[in-house]
Amino acid sequence: MSCNIVVLASGSGSNLQAIMDQIADNKISGRISAVLCNRPEAYALERAKKAGIPTIVLDHKSFDSRPAFDKAMIEAIDPHKPELIVLAGFMRILTPEFCEHYLGRMINIHPALLPSYKGLNTHQRVLDAGESVHGCTVHFVTPDLDDGPNIIQAVVDVTSEDNAETLVNKVQQQEHIIYPQAVAWFAEGRIKMIDQRTTLDEKPLGETGYVVDSRT
Ligand code: GAR
């Protein structure tokens with residue numbers, strides 16, 4: 001059985017690319033039936049087109065309100081009958097209605113070790129706070145921003161040499177490992193969201209989710 005996936009992106013789409021590559025290598029038992037972007041200039045659209053995946057552009061600026069935009073997204077997504085929605089750098093706050101509609105079948109990647117550093121500018125905030133560790137998290141999406149149960153986290157170290165740019169690179173390298181992993185688990189039916197917790201192979205994971213520690 002191949003999991004039917006719709007990906008939502010706003011930018012470069014490097015996470016989309018990592019997932020497409022793993023599907024092409026048969027490491028994910030899934031197929032992407034559409035890529036939806038809210039920015040017409042998003043490079044993610046080019047990546048999808050190159051892979052022969054149908055694209056949908058819904059420019060949020062042409063909608064009067066957030067609920068109207070989210071309703072239009074649901075109307076564009078649902079004909080594809082997705083089993084999984086993957087937010088891959090989708091830089092929009094979603095309405096509770098949208099989140100409820102896809103509850104338990106929508107996942108996101110966030111560039112920080114959630115529940116720490118929700119929101120934007122995570123790399124600079126981590127540097128400003130003098131943290132020695134940082135990372136990224138894949139989590140189920142619930143109506144509260146960056147708050148759904150964690151699935152998998154990757155930890156990287158922060159050294160005195162680091163700046164926001166080096167952290168983007170370090171963290172994104174890990175994103176391209178853990179996001180395809182989470183999608184593969186979902187596609188195989190190994191992860192589920194049950195009572196606000198993630199289970200992996202029917203066992204509840206702790207608050208961090210499954211942890212990949214790449215520090216040497
Ligand atoms: C990723 O680093 C992802 O963690 C971040 O956007 C980037 C998208 O990169 N997401 C968020 O900040 C969500 N709040 P990509 O377009 O190259 O995949």
Original post:
Which value at 222 nm does the chain reach when only helices count, each DSSP H run of 4 or more adding -39,500 (n - 2.57), with the total divided by all residues and rounded to the nearest 500 deg cm²/dmol?
Top reply: -9500 deg cm²/dmol
Original post:
Local charge sum around residue 164 (other residues, Cβ-Cβ under 14 Å, Lys/Arg +1, Asp/Glu -1)?
Top reply: -3
Original post:
Between residue 210 and residues 5 or more places away or on another chain, which pairs have amide H atoms under 5 Å apart, with H built 1.01 Å from N, and which residues are they?
Top reply: 152, 153
**OP:** For the range 70-205, give the magnitude of the charge dipole about the Cα centre (Cβ charges: +1 Lys/Arg, -1 Asp/Glu; no others), in debye to the nearest 20.
**Re:** 220
**OP:** Tabulate in residue order the Karplus-calculated ³J(HN,Hα) for the range 158-173, using 6.51 cos²θ - 1.76 cosθ + 1.60 with θ = phi - 60°, rounded to whole Hz; enter x for Gly and Pro.
**Re:** 10, 10, 5, 7, 6, 9, 4, 5, 5, 5, 4, 5, 4, 5, 5, 4
Original post:
Taking the alpha carbon gyration tensor of the range 90-216, what are the square roots of 5 times its eigenvalues, largest first, to the nearest whole Å?
Top reply: 25, 17, 12
**OP:** Convert each backbone phi in the range 202-211 into a coupling constant with the Karplus relation 6.51 cos²θ - 1.76 cosθ + 1.60 (shift: θ = phi - 60°), then list the ³J(HN,Hα) values in order as whole Hz, x for Gly and Pro.
**Re:** 6, 9, x, 8, x, 4, 6, x, 5, 10
**OP:** Provide the solvent-accessible area of residue 214, counting protein heavy atoms only and rolling a 1.4 Å probe, rounded to the nearest 10 Å².
**Re:** 50
Original post:
How big is the gap, in Å, between the Cα center of the range 161-189 and the Cα center of the range 5-59?
Top reply: 16
Original post:
In degrees between 0 and 90, to the nearest 10, how far off the longest principal axis of the chain does helix 14-24 point, with axes built from Cα atoms?
Top reply: 70
Original post:
Ordered by residue, what ³J(HN,Hα) values in Hz, to whole numbers, does the range 59-74 give under the Karplus form 6.51 cos²θ - 1.76 cosθ + 1.60, where θ = phi - 60° and Gly and Pro are x?
Top reply: 7, 4, 5, 8, 10, 6, 8, 4, x, 5, 5, 5, 5, 5, 5, 4
**OP:** Find how much the distance from residue 51 to residue 1 grows on full extension, using 0.36 nm per residue of separation minus their present alpha carbon separation; answer in nm with one decimal.
**Re:** 15.9 nm
Subject >> Globularity index of the range 43-116, i.e. its alpha-carbon radius of gyration over 2.2 N^0.38 Å >> reply: 1.19
Original post:
Among the chymotrypsin sites (Phe, Trp or Tyr not before Pro) within the range 90-133, which fall in a DSSP loop and have no more than 14 other Cβ atoms within 10 Å of their own Cβ?
Top reply: none
Original post:
Translational D (Stokes-Einstein, µm²/s) of the range 175-216 at 20 °C and 1.002 mPa s when Rh comes from the Kirkwood sum over C-alpha pairs?
Top reply: 193
Subject >> Among 115, 163, 138 - extreme Cα towards positive end, dipole of the range 62-216, charges at beta-carbon >> reply: 138
Subject >> Kirkwood hydrodynamic radius of the range 78-135, Cα pairs, Å >> reply: 13.4
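The values are calculated or read from the model by the stated rules, or taken from the named source; none is laboratory data. Since the structure is predicted, the reported quantities are computational estimates derived from the model, not experimental observations. Heads up, the Cβs are rebuilt from the backbone with ideal geometry, glycines too, and the neighbour counts pull from every protein chain shown. Surface areas here come from the heavy atoms of the whole protein model, side chains and all, with no ligands, DNA or RNA. Shrake-Rupley method; radii C 1.70, N 1.55, O 1.52, S 1.80 Å.
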